[in-house]
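What follows draws every value from the coordinates through simple rules; no lab data is involved. Source: prediction; values computed, not measured. Reconstructed Cβ throughout: ideal geometry from the backbone, glycine too, with neighbour counts over all protein chains shown.
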Amino acid sequence: MKTLITLLLLTAGSAAARAQTPRLVDEHVPLGAGGHVKLDIQIVDSIQVVTWDKNEVWVKGSIDVNDNKENDKYVVTFDKSPDKVEVKTRLEKIEENKGCNCNCNNVQAAFTVYVPAGTDVSIETINGNITITGQTGAVRAHSISGFVDMAVNPAQKADLKFRTISGNMYSNLNLEVQDKHYLHQVGGNVVTTLNGGGGKSIDLETISGDIFLRKAKEGL
């Protein structure tokens, strides 16, 4: 009997441990050259986009809602076509007596998305920090309260737009801006080019976060 009780306790403990672990997202979606990836991930801590040499999109995510008690309330959907992959998330209503007041303070989520090199990427989020590295196509990255951080090849041509209301803008690239101090002040709207423009467009916007446009490390 003692052995049986011990086994039951171990089984119950194992089930409880599984119930308290973050929910993981792991999705591979084929995407051809010249494709488009759209990320509509509103409630999230961070979104990282990285390019690679495979013809597929790999979405990895970790989700914790209300200490992992309500992870099923965080819904992730995929809309797939040969030339476009769209990822959307939404947070379903959580009852107050479950210990969550639905103001997103009890949600911890992070996504890393690998996309084929040259892919056009658009990102929309409310509170997420956005990081983009690699050889992307056109980029449109908008966050309300998070920062936007992008690294680009300093030799590429690009048409650039930066917008922030209460954040700062920083860049160590040789941008064609008359007053480079303008990139280090609070708030502003900058339209400029890199290496004469004419390449892919880069549109970075945040309301209260900072914007960073950096030189990519050699080899990226």
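Annotations
- Highest average packing first - 29-36, 142-149, Cβ atoms within 10 Å: 142-149, 29-36
- FRET efficiency, Lys215 to Val50 (Cβ-Cβ, R0 30 Å, nearest 0.05): 0.95
- Taking amide H as placed 1.01 Å from N in the peptide plane, the amide H of Thr119 sits under 5 Å from that of Gly137, each at least 5 places away or on another chain.
- The H on the amide N of Asp210, modeled in the peptide plane, is under 5 Å from the matching H of Phe147, Val148, Asn168, each at least 5 residues off or on a different chain.
- Region 23-215 shape via C-alpha gyration tensor axes, a/c threshold 1.5: oblate
- Counting neighbouring Cβ atoms within 10 Å and putting the fewest first, the residues Leu39, Leu24 line up as Leu24, Leu39.
- Cα lying deepest toward the dipole's positive end in region 23-215, options Tyr74, Ala158, Val59, charges on Cβ: Ala158
- Taking all C-alpha pairs of region 50-94, those more than 13 Å from each other amount to 65 percent.
- For region 117-142, the residues whose amide N sits under 19 Å from a probe point set 7 Å from the Cα of Thr193 along the beta carbon direction are 138-139.
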